[in-house]
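Everything below concerns the one structure shown next.
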Amino acid sequence: MPYKSQAVAKYYFVAAIALFVGQILFGLVMGLQYVMGDFLFPEIPFNVARMVHTNLLIVWLLFGFMGASYYLVPEEAETELYSPMLALGLFWIFLIAGALTILGYLLVPYATLAEITMNDLLPTMGREFLEQPTITKIGIVIVALGFLFNIGMTVLKGKKTVVSLVLLMGLTGLAVFFLFSFYNPTNLVLDKYFWWWVVHLWVEGVWELILGAILAFVLIKVTGVDREIIEKWLYIIIAMTLITGIIGTGHHYYWIGTPDYWSWWGSIFSALEPIPFFLMVVYAFTMVYKRRREHPNKAATLWALGTAVMAFLGAGVWGFLHTLAPVNYYTHGTQLTAAHGHMAFYGAYVMIVLTMISYAMPIIRGRAAANSERSQLWEMWSFWLMTVSMVFITLFLTAAGVLQTWLQRYTDAPLDFMTTQSKIEIFYWLREGAGAVFLIGLIVYIASFFVGSKDEERTVS
Amino acid sequence: MLKKNIHLPGDLAIWIFIFAELLVFAIFFIVYAVAKNQHPELFLLSQKSLDKTSGTLNTITLITSSYFVALSVLAMQENKVKQSVRWLLAAIVCGIGFLVIKSIEYQHIFSQGIGLDSNLFYMFYLSLTAFHFMHVVMGLIILSAVTVKAYNGGYNSQSMVGIETGASYWHMVDLVWIILFPLVYILP
């Protein structure tokens, strides 16, 4: 590890993985509740499980992004982190606040939670994905500001590379757009309109910059390809992301009461959102093909390539499936959305965080470059188990979504919601099975940190 | 038969970007055509209200600007740096002229109370031209950067990838307009 202060990333990575486990467990609970409605009721109702599942995802990804930044930025800037103490302090604040929030969801009714946290002073609760109590949201802003300050100061005092500047741009965007979660107008159209400024402009905007920067960093490290070439690709990918992604927000504005032109804008621009993801696949594979060194960390390279492919499939292809207004008219809010959401989040953001962890963790833990052969073997098994099971989760949900669209919306004699649900039950069972395999993959992943940790490091023979 | 070692002007990266951009416009044009096919009368009627003089003027301005950029590249090939910079400046002036004419046209349209919501034709007219407008702005930023570098002696006949890259992008902006103008302003 070139800089001592990079070690602070380890805390973030460990917390991220721990919360990841929580997310998957609640996912399995919900998956079962789809077919056994009263499972764990009244202790964990479906809406609470869903809230915990999605909130944990967001929080652990944020931990992942922050950890990745604390590792990446000092190395790019070629200087120690501005303040490792601040990074550590913010870590504990964020972890405790996050844990308390999740406990709040689980232990008291949501309305009570709103009351205890004095939501009425500045009401921001009660909206999907932004369920956090106002006080938690303020905490997130404080942590984000402190984090940006720390990262920004590090970049300022050191070398400014394209990779770290793109990362900083993405992180700043992340913080800025989160501020819209405090805007909670009574007009439902306006509410939804700006709600997407957090949700869409995060995942289909600024987060993609973070993804691009981290991927570029890891590719530079594992392939040894000239930085200039990788930076050029990064520029194009970012430009296309922003051109298509920003106006692409329109694909959420079809049916919420916004003007008609959004149907056209949303359809046209979001139809092109797969382009940057496609470029990312071409670029990742080209860079690995043109590699100028054999890096002993094969697992990290696998994760990097996997990220590009799965992000393209999940975000690009599965997003395109239902992005055109005439199609979305029938598919809106069906299981197709869930299929897309699962593969896109896994492919783009879960995998990029795991890519970074895969590259950085061995070095933070004292290895020269990579884990032992055995450890990497376990890690790569976990890659395939999680990735393939996620493909199946997506396929089963897609099948459920197509059937749902057909039975409930498209036919001459549409069925009601619950009758439709009972007809697609088989796919929910299959999805739950695939989810269980995913959990096994996750257990193998965690085991890979312990298996073969005393073996000799893998070297390039 | 393909000649080997064809010279690709500018950076390969800009060509990937140009193709991606052209794809965006192509899809926009196709959707426009489909919508027009569905509402031929509405499109024809609204189209008549557009200021064709302004559109024609802008076409001439942009083609001239592209010509200047080409001259600038030719000058640089002969190491005539000052001349090259002058052509670049001329191209930028034309580009700004395009923006001014376009803004006057918009002002005229908006003063009539026409907006994105007025009808489908105006939605397309405003979206397409505004999207192109932003590309002209982007092109001008690129040309300005190239001009500054050229002025500071950053290019010569042996090293002119940057200036070719800027020129290629500018020609794309021009090309799109050459399709956009007849499609939206003229074609019945």
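The values are calculated or read from the model by the stated rules, or taken from the named source; none is laboratory data. None of these values were measured; they are calculated from a predicted model. A quick note on method: Cβ atoms are made from the backbone with ideal geometry, for glycine too, and the neighbour counts reach across all protein chains shown.
Just a few scattered comments:
- For the stretch A:148-164, the condition holds for at least one residue, the condition being that it is under 30 Å from A:Gly319 (Cα atoms) and either surrounded by 22 or more Cβ atoms within 10 Å (Cβ to Cβ) or of a type in the set (Phe, Trp, Tyr) (or both).
- Selection of the stretch A:248-264 for residues being hydrophobic (A, V, I, L, M, F, W, C), under 19 Å from A:Thr337 (Cβ atoms) and within 13 Å of chain B (Cβ to nearest Cβ) yields only A:Trp262.
- Any hit, the stretch A:364-371, residues being surrounded by 21 or more Cβ atoms within 10 Å (Cβ to Cβ) and in the same structural domain as A:Lys221 (by TED's automatic domain parsing): yes
- Filter result (touching a Phe, Trp or Tyr at 6+ places or on another chain (Cβ under 8 Å), within 22 Å of A:Gly31 (Cα to Cα) and hydroxyl-bearing (Ser, Thr, Tyr)) within the stretch A:402-427: A:Thr405
- Picking from residues in the stretch A:230-242 that are within 9 Å of chain B (Cβ to nearest Cβ), of a type outside the set (Ser, Thr, Tyr) and touching a residue at least 12 places away in the same chain (Cβ under 8 Å), the one that is farthest from A:Gly333 (Cα to Cα) is A:Trp233.
Yes/no matrix, rows are residues, columns are (1) closer than 20 Å to B:Ser54 by Cβ; (2) among the aliphatic types (A, V, I, L, M):
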site: B:Gly95; (1), (2): yes, no
site: B:Tyr106; (1), (2): yes, no
site: B:Ser111; (1), (2): yes, no
site: B:Ser127; (1), (2): yes, no
site: B:Ile142; (1), (2): no, yes
site: B:Asn152; (1), (2): no, no
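- Residue in the stretch A:335-356 that is closer than 26 Å to A:Gly27 by Cβ, over 16 Å from the mean Cα position of the chain (by Cα), surrounded by fewer than 21 Cβ atoms within 10 Å (Cβ to Cβ) and not basic (Lys, Arg) present: no
- The set of residues from the stretch A:405-439 being under 23 Å from A:Met386 (Cβ atoms) and not in a helix (DSSP H, G or I) is empty.
- Residue match in the stretch A:120-131 (condition: surrounded by 17 or more Cβ atoms within 10 Å (Cβ to Cβ), part of a helix (DSSP H, G or I) and at negative phi): no
- Unique match (being more than 13 Å from chain A (Cβ to nearest Cβ) and buried (at least 19 other Cβ atoms within 10 Å of the Cβ)) among B:Gly113, B:Gly153, B:Gly95: B:Gly95
- When restricted to residues that are touching a Gly at 6+ places or on another chain (Cβ under 9 Å) and more than 21 Å from B:Ala150 (Cα to Cα), the stretch B:58-100 contains 3.
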